[in-house]
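What follows is one structure encoded as structure tokens, with my remarks underneath.
Values in this text are rule-based calculations from the coordinates and carry no lab data. Since the model is a prediction, treat every value here as computed from it, not as a measurement. Backbone-built Cβ (ideal geometry, glycine too); neighbour counts: all protein chains shown.
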Amino acid sequence: MSKMTAPKVKARKGGDKLTMITAYDYPTAQIVDRAGAEIILVGDSVANVVLGYDATIQVTLDVMIHHTAAVARAKPNGLIVGDMPWLSYHTSVKDTVHNAGRLVREGGAEAVKLEGGHKRLDMIEAVMHAEIPVMGHLGLTPQSVHAMGGYKVQGKQAAAAYELLSDAHALADAGVFAIVLEGVPDVLAEIVTNEIDVPTIGIGAGVHCDGQVLVLHDLLGLGGGEYLPKFVRQYAQLADDAVSAVEQYFADIRSGDFPGEDETYHMPAASAEILQELVAAPGNPDRKRGGDHLMADEAMER
Ligand code: KIV
């Protein structure tokens, strides 16, 4: 796959489905890149699935830059989207542009994502004026957990659904290159997808979106068994596999099976012989000379 860019994502509207997934560090970026991810989101879900917080609002811009930079060092072909954390784009237009710029300059993000519709238009437009592509995010926006009164499916009533549609139009008209629709009824996602001219990427939004995104740790079964939303499909149970592997390692230590021959360094026979002589005759005046000889041997082996 050639390098994905924001304009290429936008041009895929109505075409082949877009594949998007989260990654938070160098090895997970390599994994999703090898699998062919077209969009890699360094999501603020890092707060939950990597850092053990119970909400995304705990994560700061510095933490997001730290994780985005690790993903960028993997040089993936997928477009790297850095998630703007809570309060990094809420206080002023100037701070928003500065913070988005830090995600790009220090973190290596190639686009940023931020949550909200009309309310955030000034900020979104200013970031795009600074030549940074923006991905929108509507519906169940986790940074609004307290305002929403919990993680609840959004747009279930006609009025709320209509408002979300209007937000989607506003974002598309402003020039975002894609919009994540999270936790909304499939019929609403379908209407939004049909009406706006930028790709929609669904997570808990049904099958009609132009693409789909999931949190990597959820689909790999890498969590600690916490609650998983209804929309997650698990493709592996890596946490269980990892526990079994570590248990086997401990069992091998206890039984003496680890380390084996292949995992052990050996000394040249001549050096071993000198060592044995030195150990057998600790008062030997040659001990100092022999000791030097052994140290030289060891240095060579490393
Ligand atoms: O942070 C994240 O992982 C996200 C996705 C759920 C879209 O925003």
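Report, in degrees rounded to the nearest 10, the 0 to 90 angle that the Cα long axis of helix 186-195 makes with the longest principal axis of the chain. Around 70 degrees separate the two axes. Proximity of backbone amide H atoms, modeled 1.01 Å from N, is registered between Leu18 and Gly211, Gln212 at under 5 Å, excluding neighbours fewer than 5 places apart on the same chain. Across the cross-link table entries Lys8/Lys113; Lys10/Lys113; Lys13/Lys152, which are compared at the Cα atoms, the separations over 19 Å belong to Lys13/Lys152. Enter the Cα centre distance for the pair the stretch 55-101 and the stretch 194-229, rounded to the nearest angstrom. So the two Cα centres are separated by 20 Å. For His137, the residues whose modelled amide H falls within less than 5 Å of its own, excluding neighbours fewer than 5 places apart on the same chain, are Leu114, Gly116, Val180. Computed from backbone phi, the HN-Hα couplings of the stretch 48-53 come to 7, 8, 10, 9, x, 6 Hz, rounded to whole numbers (Karplus: 6.51 cos²θ - 1.76 cosθ + 1.60, θ = phi - 60°; Gly and Pro given as x). Karplus-derived 3J(HN,Hα) values for the stretch 3-15, using 6.51 cos²θ - 1.76 cosθ + 1.60 with θ = phi - 60°, are 4, 7, 10, 4, x, 5, 4, 4, 5, 7, 3, x, x Hz; glycine and proline are entered as x.
Computed from the C-beta positions of Glu131 and Thr91, the FRET efficiency with R₀ = 30 Å rounds to 0.85. Here the 3J(HN,Hα) profile of the stretch 98-106, calculated from phi with Karplus coefficients 6.51, -1.76 and 1.60 at θ = phi - 60°, is 4, 5, 4, x, 5, 4, 7, 6, 8 Hz, Gly and Pro shown as x. Can you tell me how the stretch 38-152 classifies by the Cα gyration tensor, rounded, prolate or oblate, using a/c under 1.5 as the rounded cut? In terms of gyration-tensor shape, oblate. Treating r as the C-beta distance of Phe231 and Ala251 and R0 as 35 Å, the FRET efficiency rounds to 0.40.
For the stretch 79-208, what number results from the quotient of the Cα radius of gyration and 2.2 N^0.38 Å?
The reported ratio for this selection is 1.00.
Seen against the Cα atoms of the chain and their longest principal axis, helix 61-72 is set at about 70 degrees.
If R0 is taken as 30 Å, the Cβ-Cβ distance between Ile31 and Lys8 corresponds to a FRET efficiency of 0.85. Averaging over all projection directions, the Cα-based convex hull of the chain occupies 22.0 nm² in the image plane. The angle between the Cα long axis of helix 269-280 and the longest principal axis of the Cα atoms of the chain comes to about 60 degrees, rounded to the nearest 10.
With the highest mean first, a sort of the peptides 180-193, 35-48, 253-266, 6-19 on other beta-carbon atoms found within 10 angstrom per residue produces 35-48, 180-193, 6-19, 253-266.
Adding -39500 (n - 2.57) for every DSSP H run of four residues or longer, then dividing by how many residues the chain holds, sets the calculated 222 nm ellipticity at -13000 deg cm²/dmol.
Annotation: amide H of Leu222 within the under-5 Å range of Leu238, Ala239, sequence separation 5 or more or interchain, hydrogens built in the peptide plane.
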